[in-house]
Amino acid sequence: LYGSSLSTAARAAQPVRCGMASGYPDGGGYGPDPGYAGGAADYGGYGPDHGYGMPPEQYDYDQQPYSQDVQNMPEQDFDQDSKSYQQYTESRGVTNAIDADNGIAPRRCTDCVCLVIFLIYMAIMFAIVIWARERVVNERPWAELRRLTHGHDYKGRLCGVDAGVENSPFLYWCRMDPVEWGPTPSKLNLEFPSCVPHCPMSNDSQIGCLFPQTVQQMSVQGGPFGTVETYHVQFQQSVALTNPYDSQPFGGRFCVPKNTTMRDEILHTPLKLSARLYYAVGSMEDPWVVLFQATLCSIALGYAYLFIIRVVPKLFVFVSLYSTWIASTLMGMFFLIPVGGLAAQMAGYDAFLESKLVEWCLGMNPFYEQFSPMSVAGWSAGAAIMCWCVGCFALGTITHVSDPSGSRYLPDLVDAASECLTAMPSMLIPPGVEAIVKFLLTYVLAYNFMFLVSLGSYEERRLIVNGRLFKDETAVFHTDWGMWLFVIPFYIFGWVWVTELATSCGQFLVSFSVISWYFMKKDGPHKTGVPPMPTVSGALAGVQYHAGSVCLGAAIIPWARLIRLYNFWEDESLPDKDAACCPPDCTGHLCNMLNNVCSCVGGMTGCIADSRRNCCTPACCSPSPEPRTDGLCNAGCAYRYSKNAYNDVIIRSQHFLQASQRSFLLIYKFDSVKRTILERDGCRVLTFIGSVSIGLIGSCITHVRIMTNPALTDPTSNTFIAEPMAASVTAFFLCMNIAYGFMMLFDHAADTLLYCYAWNKKFARDNNGAAVEDYLPESLRDLVDADQDEDDGYVFYGQAKPEMYLSTWLGPSRRRQIKDERLSGKERQSQMAMGSAAASSGGTSLSQPGGVPGYTNISSQVPYQQVASSPGAFPAGGGYFDPGSPGGYGGYAHP
């Protein structure tokens, strides 16, 4: 992985082992596939022309080895007519060879064109922002950030900003009748608002307001110079002093009547939902100090979660799920109270609205001060449904985790990832750096995004006379909606791309570090050492060779992740036939009854979910590569384009698209790897729960800090935040994205370890590489026992570990003790196999002084004939004795 490789001469001198050619072609590849139609010119890896060989969609990991002796390899000329950009990114005459033991290829540049495309895209993004900020339309700036936080009066002036109204930050709608007096207006002038220094009351001084123009038409007969008739049209606009009414601040710097009827009229016309969403974007201008505090809190919580998951993974899952279920259920009931209040009001039951609990709930409801009562009921009902959907997800996940087979691999996966993280503590540094980078990117991108949202121009010629427009006293601002069709989507895609790039860099470093650690050979049961500075080496390799692949992955992976998230939500929300409500160690009658009820309900919901998937799920959204009617183009692409593709990019220096296809097929081949990475048995539940919970905590901290800071809640302050909910939503996504960088350490490290095992096993079998035993960490052995020995006979220990269910609830020290006992048993077994004498048919006895953990030790001398007459007894090698097999041994026994 760090550049060590065999020379061409050394590879040519290697002997042929096990009847399999072990040489490597001159290009450093895997050699041609004799069974493929492409013949000697096709290569599964690099080949003499440094290409990819067979199309990835036809690549089959069950084919014969991709090897051929270098002496029999015909020379190939580089295809000068190839139109693929590979020929410009891969150098000719490569002399470095693929490592003969682990199959790791020498570094080479991958997806270079994608790096250029990314840089051009970013340049266009910021060129658009600079152009928008510098352009002037009708002597006014095309982009003005303060349009998102201040209203326009009838002259088109920004209240509190432009000359003449710089001391009047509030927008106020006057009475339609200027001489009317009283706290409640009969009608409002919604067309021509005015700027005021504060929201007035009915006893305040009068306010100057513009009223609609009046038109006077007259006809004059006769006139000088032979004039027969003259038509005279007079337009008049007047600013008159108007009596104020009782008003209150709303949604920032707007004054609305205290009367609910007049207030609803404003909320449905000038301050309708689209306008308030427009002004809510401006709330991202000032909360960045609070968001940085939430970022630091997320970093601290991320490291704390890593420690808690390392110690008690299943307890963490259960506590988080039960807390989420209870909290979401209560929140759903809280949001339903306005619905009940509306129904009580319509039924005339006012006592319900006068209760202290209902008054408190209505006061705390974030929609109550933003919408009319009918709209509050609708939005609250939607929020209640959303909360209950979250509760259903938590409850459904509990039923899956409580199933003994649903989470039995979780502690082992955490232990395997923890062993790797403990060996390389530098892997804990990138998530913290990634968090700061994500905060800075979010700040810069959000700030420039607000400028693009504020794009627009002013219409000043609004007076129509005989079909012609003339300038009058008014001006109206119009948003440039044409930019929303092209520029805004272009910018949002770039925003997601550059933010995901930070996540992809962290995933690449995890892959590089884990791969480099896995392929350190063992000395007995332990690794011989630790890779030197894996994160630094990974960063240098990524920048120098694989920056294009990381950029391409960052452009594709987030959109495929949405499909995987939906599938994960559906799978976890609905219980299946194996669902359970109680933990596996609960054996009482009540627990059994609840588990039976869950299993019954899960059987019905599972049938419904399976029917929906079979009928409505397209092949691209399925984790299975079948059906393969046209290769892999329409099968499994949502799961193919994932962070696991970086493993193949690192191991084989493969381009991202080809690496994603090959890695997907390799994962799908081995049951233990597929079960963990593609199905339900991985650490995704830890990643999801940790990311969402930290996002919610960061959102709550942000909301509380804003609401308790007078500088952020005072409308006269320069740092006033009009919509705290918008800032809280921004904090949720920011903190959740930051938390994902921490939570995916366990998830991605475990997935990468299993991928390395699958690659190790395939390369050892097909290319005569080093055996799996040379690299496989002992913490990973229990997860891959079935796959590891599928070609060797029966697994000696089986897969049902006696302490399996109990160990998931034990602390790390007890689980480590159990693993040490198992490891010592395997060491004794290996020593017995090496030291046992060959048995003869003349009554030679076999001894097994060591025994196996969990079984009774056998120390007596057993005659060979006695062993032969009792199949299943333990010979000296520690395996099964099978009289029917040619060698007599069907398991681990050494003849």
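The values are calculated or read from the model by the stated rules, or taken from the named source; none is laboratory data. Just so you know, these numbers come straight off a predicted model, no measurement behind them. Reconstructed Cβ throughout: ideal geometry from the backbone, glycine too, with neighbour counts over all protein chains shown. Surface accessibility is based on the protein's heavy atoms, side chains included, excluding ligands, DNA and RNA. Shrake-Rupley method; radii C 1.70, N 1.55, O 1.52, S 1.80 Å.
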Of the residues that make up the range 159-174, is at least one modelled with pLDDT under 90 and over 28 Å from S717 (Cβ atoms)? no
Identify the residue in the range 502-520 that is among the aromatic types (F, W, Y) and part of a helix (DSSP H, G or I) and, among all such residues, is nearest to F439 (Cα to Cα). F508
Checked the range 292-335 for anything under 22 Å from the mean Cα position of the chain (by Cα), closer than 18 Å to R684 by Cα and among the β-branched types (V, I, T); matches are I308, I309, V317, T324
Restricting the search to the range 168-190, which residues are in a loop (DSSP other than H, G, I, E, B) and within 15 Å of T269 (Cα to Cα)? W173, C174, K187, N189, L190
Going through N243, N259, N189 one at a time, which residue ends up being without any contact (Cβ under 8 Å) to a residue 40 or more places away in the chain and within 30 Å of Y368 (Cα to Cα)? N189
Under 8 Å by Cβ, and 6 or more places apart or on different chains, what pairs join a residue from the range 525-547 that is touching a residue at least 40 places away in the same chain (Cβ under 8 Å) with one that is assigned to a helix (DSSP H, G or I) and open to solvent by 90 Å² or more (accessible area, probe 1.4 Å)? T535/I429
Collect the residues in the range 133-167 that are part of a helix (DSSP H, G or I) and either closer than 30 Å to N647 by Cβ or out of contact with any helix residue (DSSP H, G or I) (no Cβ under 6 Å at 6 or more places or on another chain) (or both), keeping them in residue-number order. E134, R146, R147
crowded, with 17+ Cβ neighbours inside 10 Å, at pLDDT 75 or above, more than 20 Å from T503 (Cβ to Cβ) and not small (G, A, S) - does that describe any residue in the range 641-652? yes
When S457 is run through (1) in a strand (DSSP E or B); (2) polar (S, T, N, Q); (3) more than 26 Å from T149 (Cα to Cα), the failure sits at (3)
Determine whether I337 is of a type outside the set (G, A, S), at pLDDT 75 or above, closer than 25 Å to F688 by Cα and assigned to a helix (DSSP H, G or I). no
Of the residues in the range 743-774, those that are hydrophobic (A, V, I, L, M, F, W, C), surrounded by fewer than 23 Cβ atoms within 10 Å (Cβ to Cβ) and touching a Cys at 6+ places or on another chain (Cβ under 7 Å) come to none
Among the residues of the range 413-446, how many are open to solvent by 10 Å² or more (accessible area, probe 1.4 Å) and either touching a strand residue (DSSP E or B) at 6+ places or on another chain (Cβ under 8 Å) or of a type in the set (A, V, I, L, M) (or both)? 10
Please identify the pairs in which a residue from the range 420-432 that is in a helix (DSSP H, G or I) has its Cβ atom under 6 Å from the Cβ atom of a residue that is open to solvent by 60 Å² or more (accessible area, probe 1.4 Å), counting only partners at least 6 apart or on another chain. A423/V530
Going through N259, N243 one at a time, which residue ends up being polar (S, T, N, Q), open to solvent by less than 70 Å² (accessible area, probe 1.4 Å) and in contact with a strand residue (DSSP E or B) (Cβ under 9 Å, 6 or more places away or on another chain)? N243
Just the residues that are open to solvent by 10 Å² or more (accessible area, probe 1.4 Å), out of contact with any Ser or Thr (no Cβ under 7 Å at 6 or more places or on another chain) and not small (G, A, S), please, taken from the range 263-278. R263, E265, H268, T269, P270, K272, L273, R276, L277, Y278
Residue selected from the range 636-685 under the condition among the polar types (S, T, N, Q) and within 17 Å of the chain's Cα centre (by Cα), by the criterion farthest from D412 (Cα to Cα): S642
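Go over the candidates T499, T503 one by one and state the one that is surrounded by 19 or more Cβ atoms within 10 Å (Cβ to Cβ) and out of contact with any Ser or Thr (no Cβ under 8 Å at 6 or more places or on another chain).
Values: T499 fails: out of contact with any Ser or Thr (no Cβ under 8 Å at 6 or more places or on another chain).
Being surrounded by 19 or more Cβ atoms within 10 Å (Cβ to Cβ) and out of contact with any Ser or Thr (no Cβ under 8 Å at 6 or more places or on another chain) holds for just one of T499, T503, which is T503.
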Within the range 125-138, is even one residue open to solvent by less than 60 Å² (accessible area, probe 1.4 Å), at pLDDT 90 or above, basic (K, R) and under 52 Å from the mean Cα position of the chain (by Cα)? no
State whether the residues of the range 527-535 include one that is under 23 Å from the mean Cα position of the chain (by Cα), assigned to a helix (DSSP H, G or I) and surrounded by fewer than 23 Cβ atoms within 10 Å (Cβ to Cβ). yes
Any residue at all in the range 303-322 that's in contact with a Cys (Cβ under 7 Å, 6 or more places away or on another chain), under 30 Å from D412 (Cβ atoms) and open to solvent by less than 30 Å² (accessible area, probe 1.4 Å)? no
Screening S247, S202, S186 for residues that are in contact with a Phe, Trp or Tyr (Cβ under 6 Å, 6 or more places away or on another chain) and of a type in the set (G, A, S) leaves only S202
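Restricting the range 713-733 to residues that are hydrophobic (A, V, I, L, M, F, W, C) and open to solvent by less than 10 Å² (accessible area, probe 1.4 Å), which is modelled with the highest pLDDT?
Applying the filter and picking the extreme gives A731.
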Name the single residue that is modelled with the highest pLDDT among those in the range 265-323 being within 30 Å of W173 (Cβ to Cβ), charged (D, E, K, R) and assigned to a helix (DSSP H, G or I). E265
Residues of the range 195-237 being at pLDDT below 85, surrounded by 12 or more Cβ atoms within 10 Å (Cβ to Cβ) and among the polar types (S, T, N, Q), in sequence order, are Q213, Q237
Report the residue count in the range 255-264 for those that are farther than 25 Å from N718 by Cα and either part of a helix (DSSP H, G or I) or not polar (S, T, N, Q) (or both). 6
